[in-house]
Amino acid sequence: MVTWRTFIALELSQELKAELGRLQERLREQMPPRSVRWVQLDGIHLTLKFLGDTPLARVEEVKSALARVAAGSEPFSFSVGGLGCFPNTRQPRVVWVGVQEPTGALTHLQRTVEAHIAPLGFPTEQRPFSPHLTLGRVRKEASRSEVQQIGQVVTASPVGPLGQMAATGISYIKSDLQPSGAVYTTLFEARLGQG
């Protein structure tokens, strides 16, 4: 069975990507060389739902579900700022920037996506939604002291507001894993509030 690796996300503005690029550079200079695999700027998205291996037969159904989600959702704005790690700064695996949206519109959109996608055979995520933008992933071969140092840099690097952005559409994206990194193709974009 042919499958595509897919996910649902909000795409970022060029201005915000430029800010994230500057932040990556600043962090890269402070962290041990080659200890973090930095995400290409085109690969930074605000992921709402990772679907993983998706049978081709399901792709059109996912697009239809997203069109329904978007039609019933209004555009909103969110801001980006603050730095952290998953699972925590003592054992960092992922370095991220936080996303803030105080009205609850972003969380509501994510829950609505889950509710429309679950009937298509994609289990609902059990962990609470934690909106973030992944800047980099700690390499598996990083030594314990390098991992410690990464956590210390994140702890010592307060990151204020990086910018604000209007969310006007949700995208359905295909990810092709290549030796040089993932290549992303937007399969479908549904505008919010156009139902």
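Any chance the range 17-40 includes a residue that's under 18 Å from the mean Cα position of the chain (by Cα), touching a residue at least 24 places away in the same chain (Cβ under 8 Å), closer than 26 Å to Leu56 by Cα and part of a helix (DSSP H, G or I)? So far as the range 17-40 goes, no, none of its residues is under 18 Å from the mean Cα position of the chain (by Cα), touching a residue at least 24 places away in the same chain (Cβ under 8 Å), closer than 26 Å to Leu56 by Cα and part of a helix (DSSP H, G or I).
For the range 95-107, the count of residues that are over 30 Å from Val153 (Cα atoms), modelled with pLDDT of 95 or more and not in a loop (DSSP other than H, G, I, E, B) is at least one.
The residues of the range 146-195 that are farther than 30 Å from Pro55 by Cα, of a type outside the set (Val, Ile, Thr) and not in a helix (DSSP H, G or I), listed by number, are Ala156, Ser157, Pro158, Gly160, Pro161, Leu162, Gly163, Gln164, Met165, Ala166.
When the residues of the range 117-158 are filtered to those that are within 21 Å of Gly81 (Cα to Cα) and over 20 Å from the mean Cα position of the chain (by Cα), the one that is surrounded by the most Cβ atoms within 10 Å (Cβ to Cβ) is Ile150. Could you please find all residues in the range 5-31 being crowded, with 18+ Cβ neighbours inside 10 Å and more than 25 Å from Gly160 (Cβ to Cβ)? Across the range 5-31, the qualifying residues are Thr6, Phe7, Ile8. Considering Val39, Val59, the condition of being crowded, with 17+ Cβ neighbours inside 10 Å, over 19 Å from Glu125 (Cα atoms), at pLDDT below 95 and of a type outside the set (S, T, N, Q) is satisfied by Val39 alone. Close Cβ contacts (under 6 Å, 6 or more residues apart or on different chains) running from residues in the range 110-124 that are more than 22 Å from Phe78 (Cβ to Cβ) to residues that are modelled with pLDDT of 95 or more and aliphatic (A, V, I, L, M) comprise Phe122/Leu51; Thr124/Ala118. Condition check: in a strand (DSSP E or B), touching a His at 6+ places or on another chain (Cβ under 8 Å) and either within 24 Å of Glu125 (Cα to Cα) or of a type outside the set (Asp, Glu) (or both). Does Ala65 satisfy that? Taking the combined requirement at face value, the residue does not satisfy it.
The values are calculated or read from the model by the stated rules, or taken from the named source; none is laboratory data. Just so you know, these numbers come straight off a predicted model, no measurement behind them. Quick reminder, even Gly has a Cβ in these numbers, built from the backbone with ideal geometry, and neighbours come from all protein chains shown.
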